[in-house]
Structures are given as structure tokens and as C-alpha cells.
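S.K.: Just dropping this structure here.
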Amino acid sequence: MARPSVRWLFRSRRLTRLGLTPGQSLVLVVLVDHADASGLSFPAQETIAQESGMERSGVRKALAALADAGVIEVVEPGGPRKSARYRISSAVGLWATG
């Protein structure tokens, strides 16, 4: 499967089937919007906050919850002047394994 669009994400109802909080859903939508064809996404937390309308503390909590739930994987942690890299799990049915 190619990179899913945000529109497809909503129309397919896969987002609602994940049982996420509204904040977690917003963060996932931003990650999907920034992801490449393999599900790798690395927007800065500040970018996620701006695009989702959330505070950075809420973004950090949502990212941690998404990782704990297996929806995303932290491929490479971030650091000063470096965004973390996240892979959206193929197990949630958004990307084919690849």
C-alpha cells in the first residue's frame, strides 16, 4: 500500500478503530501527513504542536502513549536540534509491511 492520505485515514474509519484519545488521534494524523511511503515520519514536536493545535506537553504525552500502544515506534530518539524519527506501525493497518 502506498502512503495513505489523511482523507483516506478518516474515510476508512481506521483512525476511530484504534481507540485513541482525541489528542493521540491528532498527533497520529500529523505524523501520517508527514510520513513517507514506508511510514517513517520525523516532524519536530513543535511542528506537531502547531499543526494539531496542542501544547508541546500534550504532544509528548500523546507520542508516548502511541508508542506504548504500538501504534508508532521510535526509530531514533530526538535531541537538541534533531527531531525524533517515528515509524507508523504496519500492525495498525495504515501501511503494508515493507
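The values are calculated or read from the model by the stated rules, or taken from the named source; none is laboratory data. The model shown is predicted, which means the values in this text are computed figures rather than measured ones. Please note: Cβ atoms are built from the backbone with ideal geometry, for glycine as well, and neighbour counts cover all protein chains shown. Side chains included, ligands, DNA and RNA excluded: accessible areas come from the protein's heavy atoms. Shrake-Rupley method; radii C 1.70, N 1.55, O 1.52, S 1.80 Å.
S.K.: What residue, among those in the stretch 48-80 that are assigned to a loop (DSSP other than H, G, I, E, B) and open to solvent by less than 60 Å² (accessible area, probe 1.4 Å), is farthest from PRO22 (Cα to Cα)?
M.R.: Here the residue is GLY78.
S.K.: Out of curiosity, is ASP68 in contact (Cβ under 8 Å) with a residue 24 or more places away in the chain and out of contact with any helix residue (DSSP H, G or I) (no Cβ under 9 Å at 6 or more places or on another chain)?
M.R.: Criteria not met by ASP68.
S.K.: Here's something else I'd like to know. For PRO22, all conditions in the list (1) free of Cβ contacts under 8 Å to residues at least 24 places away in the same chain; (2) open to solvent by less than 80 Å² (accessible area, probe 1.4 Å); (3) at negative phi hold save one; what is the number of the exception?
M.R.: Result: PRO22 fails condition (2) only.
S.K.: Pick from the stretch 25-47 the residues that are assigned to a helix (DSSP H, G or I) and polar (S, T, N, Q): which of them is surrounded by the most Cβ atoms within 10 Å (Cβ to Cβ)?
M.R.: We begin by selecting, within the stretch 25-47, every residue assigned to a helix (DSSP H, G or I); these are 25-34, 45-47.
From what is left, the residues that are polar (S, T, N, Q) are 25, 45, 47.
Working: SER25: 19, GLN45: 17, THR47: 14.
So, considering only residues that are assigned to a helix (DSSP H, G or I) and polar (S, T, N, Q), the one surrounded by the most Cβ atoms within 10 Å (Cβ to Cβ) is SER25.
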